[in-house]
Structures are given as C-alpha cells and as structure tokens.
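Enquirer: Can you read through this structure? Questions will come right after.
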Amino acid sequence: MDFLAVEGLTKFFGGLAAVYQVGFTIQEGEIIGLIGPNGSGKTTVLNLITGFLKPNAGRVTLAGKDVTGLPPHRMCQNGVARTFQLTKSFPCCTVLQNVMIARTYGRDPAPNLRVAADEAMDILGVVGLADKANFLARDLTLMERKMLELARALAARPRLLLLDELMAGLNPAETEETMQLIRKIRDSGITILVVEHIVKAICLYSIHQQGYRYLFSPFPKSPAQARDVFEILNASIPEGERPTKVAIFQETTDWGIELGNLWKENAPKYGYQVVVYETYTPRTEDMSAMILKAKEAGAETLLTVPAPPDGITMVKQMVELGWTPKFALMIRAPENVTWAETLGKNGDYFTIFPGWHHAENFPGVAELNAKYQAQFGRPADLLTGPAYACVQIAAAAIEKAGTLDREAIRDAIAATNMTTVIGPVTFNTDGTGNVLNPLIQWQNGKQELVWPPEHASAKLVYPAPPFDKR
C-alpha cells in the first residue's frame with residue numbers, strides 16, 4: 001500500500017489552473033522531492049495535501065485513508081506536519097515555548113506542560129537549538145529560524161513531514177548540514193516530501209561525483225553551461241567584436257559557487273577575462289555595489305545564476321545605475337513568463353540555458369507544444385520539455401525492463417539510448433546526461449531559441465541595446 005497517494009489533484013483560482021491533475025505516490029520511509037519552476041504550483045500542492053486549501057478535484061490518501069480536504073488540525077492529528085517558506089514562529093515567545101506549543105497538538109500530544117517542556121528540549125537537541133531554548137524567536141538567525149520551524153513540525157509527532165523550501169537562503173555549509181539532518185529524520189521513521197529550489201540532482205554536477213548508484217539527470221550540467229556560453233559566443237560573434245570582459249555575480253549557494261568557479265576557470269581558455277567576481281546571498285536587496293564595480297571595470301558580459309526575485313532585483317538596479325552588458329547569461333531567473341510581465345522591455349536580451357525550447361524540431365515537440373498551447377493559451381514553458389522527457393525515459397525503461405521491479409527499471413534507465421522531446425539522451429556512468437544545451441534569449445517579450453542554428457527560432461541579438469534606448 002502507498003503511504004501517501006495523490007490522484008488527479010486540481011485547484012483553480014478563478015479561471016487559472018494553479019494545479020491540474022497532479023498525481024504521485026510516496027512509500028513509507030522515502031524522501032521524495034517535488035520540483036518545478038517558480039509559479040508551477042508546488043506550494044499549492046502542499047497546501048492541498050495539508051488542508052490549507054480544498055481541491056476542486058482529486059484525492060489524497062494517507063496509509064489507505066481518504067484525507068482529502070480535511071482541515072489542517074485534522075491532518076496534523078493524522079500525522080501530517082509541514083514547514084512554511086516564510087517561518088511561522090511566535091516571535092515574542094521563546095524558542096522552547098514555540099516548540100512546547102506545537103507539542104500540545106498533533107498526533108499523540110503531550111499530556112501536560114512539564115512533559116511538553118521535556119520533549120521540546122529533546123527536539124531542540126535534534127535540530128541544534130538546545131542552547132537557544134530561552135532566546136526569543138525574533139532574535140534568531142535565519143538558519144536558527146529555519147531549524148525552529150522544523151522543530152515545531154517535529155513536535156507534532158508526524159508520520160509524514162512536508163518541507164517547503166527549508167534550505168532557501170542558507171549558505172552551502174548550512175545547506176549540507178540541513179540535508180544531513182533531513183536524512184537523520186527520515187532514518188527515525190518519518191517519511192518526507194520536500195519542495196526545494198536547491199535541487200542538486202537537477203542542476204549541480206558535484207552531486208554526481210559522490211558515488212550514488214542511481215541518480216539520473218537528463219539536464220545540462222554546470223560543466224556544459226560553463227563551457228558552452230563561451231563556445232556559442234565565439235561561434236556567433238566575430239573576433240574583435242566579442243564581449244571579452246566578464247563580470248561574474250556569484251550566488252553563495254552550491255550551484256552558484258560551482259558555476260562561478262567553472263566560468264572563472266573556462267573564461268581565459270576561450271579568450272575572455274574576468275574583470276569582476278562578486279558574491280551575494282539569496283534575497284539580497286541592494287546589489288548596487290557589485291553592479292557599479294562591473295560598470296566601472298567596463299564589463300561587457302554578465303554571468304550569473306540568481307533565483308527569480310534576485311534576478312528581477314538585479315535587473316532593476318542595473319537599469320537605475322545605467323549598466324547594460326552587451327551579453328548577459330542569467331541562468332534560472334528569466335525562465336518564467338512573469339519575467340517579461342514584471343520587467344517589460346528591460347527584461348529583453350537576457351539569455352538562459354533551460355535545457356529546452358518549444359521550437360526544437362525533435363519528434364513529439366510540435367504535438368506537445370500544441371497540446372500545451374490549447375490548454376494554457378501560450379507556448380509550452382521552458383521546463384515542459386525536460387519534464388516530459390523524464391516521463392518518456394521512465395516509460396521506456398519500464399517497457400524495456402518488462403517489470404515494475406525498481407532495480408530492473410533503474411538499470412534500464414542507466415542504459416537509456418533514445419530520442420526524446422529534448423533530443424537524444426544517454427547517461428554517463430555517474431548519471432549525468434548527454435543532452436543538447438540550447439541557448440534561449442528574451443526578444444520583444446518572447447523567449448526565442450537562438451542556439452544551435454539548426455533549431456533556432458531567431459538570431460542572437462548582440463550587442464544588447466542600452467536600457468535607455470529600448
């Protein structure tokens with residue numbers, strides 16, 4: 001029996017389908033990740049599972065029991081707890097009091113405050129906050145607030161724990177520490193569903209070098225993205241006209257550090273010079289210092305990998321400070337259609353390596369795009385292709401294995417050699433995929449495929465016009 005089963009889950013807000021026919025299962029003792037671009041409905045799915053929202057259609061079962069639409073307190077009593085993107089602690093209560101309050105609710109609540117206090121202290125020890133028990137919640141650091149959020153969820157004695165971007169804003173060391181803690185919690189007998197933007201198995205290359213037997217990723221990895229940007233520029237722009245002075249704005253996350261170092265390493269090999277290398281933390285509000293350094297250094301190329309809110313902040317401040325790089329690769333932030341809606345013409349000419357575009361001429365792309373267009377009224381989003389390719393790969397592996405045995409299916413995935421909607425796919429022994437790495441550029445409020453030429457829907461616009469001339 002599936003421990004958690006989600007079937008056909010659908011939620012409309014007015015005429016907008018925030019979640020449409022979502023389905024998945026989780027087995028007891030697993031850690032499962034729910035991934036997707038910003039605005040794709042991941043948090044809405046958690047809200048539907050935990051009863052904060054009622055679905056328009058679909059079903060949620062927990063250990064065989066139909067719990068669809070139960071209110072949050074009933075879900076908590078059934079053994080489902082969650083964290084939130086923005087921490088929900090009581091700021092004027094102490095850390096201990098916060099966890100004690102949680103311990104008096106949920107499954108098997110503490111019978112009295114003394115027991116609640118003792119058990120709350122045990123939980124604080126698990127998350128590393130025992131020495132902060134008498135601090136007010138409002139006085140904690142970001143990492144400590146995240147751990148308090150987790151402690152409050154654990155205090156409800158869950159069988160199923162839902163984590164909504166628990167690692168957002170943490171530095172690499174804190175992220176690794178949190179990942180180890182999540183595995184420890186799973187080992188204690190709690191099943192975990194994770195929504196997280198720090199998705200190492202998708203974006204990060206180094207995770208594949210840690211000896212995992214089954215980790216498959218049909219997405220372009222950091223080494224390809226760090227190499228291809230320079231190869232594309234050199235193939236597209238005549239020598240003497242290339243934007244050889246590079247500014248790297250490195251986000252202080254695992255992926256940001258990995259890509260930043262690889263860009264820095266590759267630049268001189270292709271005739272480029274890194275004139276500015278600046279770092280910033282996620283959710284930074286003032287990026288003016290590093291933008292002005294890039295402007296003063298005469299940087300012509302910008303390479304960065306911000307989350308969408310940080311990318312929008314960055315562009316707005318670039319406009320205000322009058323710095324327009326001739327070429328800008330901003331991985332991640334410009335993926336969503338809200339990029340153009342928020343920035344207008346200032347969002348044009350930024351490029352992305354998303355792994356796919358609906359103009360690619362591989363088998364099945366036109367049909368996939370037509371169905372997406374008919375349902376949502378716009379061309380297929382950039383991550384639609386990679387997501388569908390995962391389904392194609394999994395379906396082909398099941399057919400090849402001839403069984404639903406997990407190991408047999410995994411072995412079949414490892415031997416993948418097929419053409420999907422993202423093109424030909426094979427896997428290396430470390431699980432990284434050999435896949436096309438197309439370059440997309442925003443032009444006139446639309447995402448255009450500009451590389452490779454045989455698939456292109458438009459030519460690369462270079463140099464980008466200054467912001468004040470658009």
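The values are calculated or read from the model by the stated rules, or taken from the named source; none is laboratory data. Predicted, not measured: the structure shown is a model, and the values here were computed from it. Here the Cβ is made from the backbone with ideal geometry for all residues, glycine too, and neighbour counts use every protein chain on show.
Enquirer: Tell me which residues, restricted to segment 382-402, are β-branched (Val, Ile, Thr) and free of Cβ contacts under 8 Å to residues at least 60 places away in the same chain. Break it down into steps so the answer makes sense when it comes.
Expert: Filtering segment 382-402 for residues β-branched (Val, Ile, Thr) gives 384, 391, 393, 398.
Once the filter is applied, which keeps residues that are β-branched (Val, Ile, Thr) and free of Cβ contacts under 8 Å to residues at least 60 places away in the same chain, segment 382-402 yields THR384, VAL391, ILE398.
Enquirer: Out of all the residues in segment 308-322, which are surrounded by fewer than 20 Cβ atoms within 10 Å (Cβ to Cβ) and hydrophobic (A, V, I, L, M, F, W, C)?
Expert: Answer for segment 308-322, where residues must be surrounded by fewer than 20 Cβ atoms within 10 Å (Cβ to Cβ) and hydrophobic (A, V, I, L, M, F, W, C): ILE312, VAL319, LEU321.
Enquirer: Also, I was wondering about something else. Taking segment 282-307 as the search range and keeping residues that are touching a helix residue (DSSP H, G or I) at 6+ places or on another chain (Cβ under 6 Å) and among the β-branched types (Val, Ile, Thr), which one is surrounded by the most Cβ atoms within 10 Å (Cβ to Cβ)?
Expert: VAL305
Enquirer: Being small (Gly, Ala, Ser) and either in a loop (DSSP other than H, G, I, E, B) or at pLDDT below 95 (or both) is the requirement here; does ALA397 meet it?
Expert: Against the criterion (small (Gly, Ala, Ser) and either in a loop (DSSP other than H, G, I, E, B) or at pLDDT below 95 (or both)), ALA397 does not qualify.
Enquirer: Something else now. Please specify each residue of segment 323-335 satisfying the condition of being among the basic types (Lys, Arg) and buried (at least 22 other Cβ atoms within 10 Å of the Cβ). Step through it out loud before you land on a result.
Expert: Here is the first cut: in segment 323-335, the residues among the basic types (Lys, Arg) are 326, 332.
The one that is among the basic types (Lys, Arg) and buried (at least 22 other Cβ atoms within 10 Å of the Cβ): ARG332.
Enquirer: Does ALA247 satisfy the criteria of being among the small types (Gly, Ala, Ser), at pLDDT 95 or above and in a helix (DSSP H, G or I)? Talk me through it step by step, then tell me what you get.
Expert: On the way: among the small types (Gly, Ala, Ser): yes; at pLDDT 95 or above: yes; in a helix (DSSP H, G or I): no.
Answer is no for this residue.
Enquirer: Can I ask one more? What number of residues within segment 50-101 satisfy the criterion of being of a type in the set (D, E, K, R) and within 26 Å of the chain's Cα centre (by Cα)? Reasoning before the result, please.
Expert: Filtering segment 50-101 down to residues of a type in the set (D, E, K, R) leaves 54, 59, 65-66, 74, 82, 88.
Now restrict to residues that are within 26 Å of the chain's Cα centre (by Cα): 54, 59, 82, 88.
Total meeting the criteria: 4.
Enquirer: Considering only segment 416-470, state which residues are under 20 Å from PRO243 (Cβ atoms) and touching a Lys or Arg at 6+ places or on another chain (Cβ under 7 Å).
Expert: VAL450, TYR462, PRO463, ALA464, ARG470 - these are the residues of segment 416-470 that are under 20 Å from PRO243 (Cβ atoms) and touching a Lys or Arg at 6+ places or on another chain (Cβ under 7 Å).
Enquirer: Does ALA226 count as touching a Phe, Trp or Tyr at 6+ places or on another chain (Cβ under 6 Å), among the small types (Gly, Ala, Ser) and either in the same structural domain as ASP254 (by TED's automatic domain parsing) or modelled with pLDDT under 90 (or both)?
Expert: Details: touching a Phe, Trp or Tyr at 6+ places or on another chain (Cβ under 6 Å): yes; among the small types (Gly, Ala, Ser): yes; either in the same structural domain as ASP254 (by TED's automatic domain parsing) or modelled with pLDDT under 90 (or both): yes.
Here the answer is yes, as ALA226 does meet what is asked.
Enquirer: With respect to GLU239, determine if the residue is farther than 16 Å from ILE331 by Cβ and in the same structural domain as PHE350 (by TED's automatic domain parsing).
Expert: Taking the combined requirement at face value, the residue satisfies it.
Enquirer: Filter segment 253-281 down to the residues that are touching a helix residue (DSSP H, G or I) at 6+ places or on another chain (Cβ under 6 Å) and in contact (Cβ under 8 Å) with a residue 60 or more places away in the chain and list them by number.
Expert: ASP254, LEU259
Enquirer: From the list PRO354, PRO379, which one is in a loop (DSSP other than H, G, I, E, B), surrounded by 15 or more Cβ atoms within 10 Å (Cβ to Cβ), in contact (Cβ under 8 Å) with a residue 12 or more places away in the chain and within 21 Å of the chain's Cα centre (by Cα)?
Expert: Values: PRO379 fails: within 21 Å of the chain's Cα centre (by Cα).
It is PRO354.
Enquirer: Can I ask one more? From the list LEU124, LEU160, which residue is in contact with a strand residue (DSSP E or B) (Cβ under 7 Å, 6 or more places away or on another chain), closer than 29 Å to VAL45 by Cα, not charged (D, E, K, R) and not assigned by TED's automatic domain parsing to the domain that holds THR281? Walk me through it before giving the result.
Expert: Numbers: LEU124 fails: in contact with a strand residue (DSSP E or B) (Cβ under 7 Å, 6 or more places away or on another chain).
That would be LEU160, the only listed residue that is in contact with a strand residue (DSSP E or B) (Cβ under 7 Å, 6 or more places away or on another chain), closer than 29 Å to VAL45 by Cα, not charged (D, E, K, R) and not assigned by TED's automatic domain parsing to the domain that holds THR281.
Enquirer: Considering only residues that are within 19 Å of GLU119 (Cα to Cα) and assigned to a loop (DSSP other than H, G, I, E, B), which ones fall in segment 130-153?
Expert: ALA133, ASN134, PHE135 - these are the residues of segment 130-153 that are within 19 Å of GLU119 (Cα to Cα) and assigned to a loop (DSSP other than H, G, I, E, B).
Enquirer: Grab the strands (runs of 3 or more DSSP E) fully contained in segment 412-470, keeping just those with 1 or more residues being farther than 30 Å from PRO325 by Cβ, in contact with a Pro (Cβ under 8 Å, 6 or more places away or on another chain) and among the polar types (S, T, N, Q).
Expert: Numbers: elements: 417-420, 423-427, 439-443, 446-451.
In segment 412-470, the matching strands (runs of 3 or more DSSP E) lie at 417-420.
Enquirer: While we're here: Looking for whichever is among the hydrophobic types (A, V, I, L, M, F, W, C) and in contact with a strand residue (DSSP E or B) (Cβ under 7 Å, 6 or more places away or on another chain) here; the options are LEU46, LEU16, LEU70, LEU96. Which one fits? Let's see the steps before the verdict.
Expert: On the way: LEU16 fails: in contact with a strand residue (DSSP E or B) (Cβ under 7 Å, 6 or more places away or on another chain); LEU70 fails: in contact with a strand residue (DSSP E or B) (Cβ under 7 Å, 6 or more places away or on another chain); LEU96 fails: in contact with a strand residue (DSSP E or B) (Cβ under 7 Å, 6 or more places away or on another chain).
After applying the criteria, what remains is LEU46.
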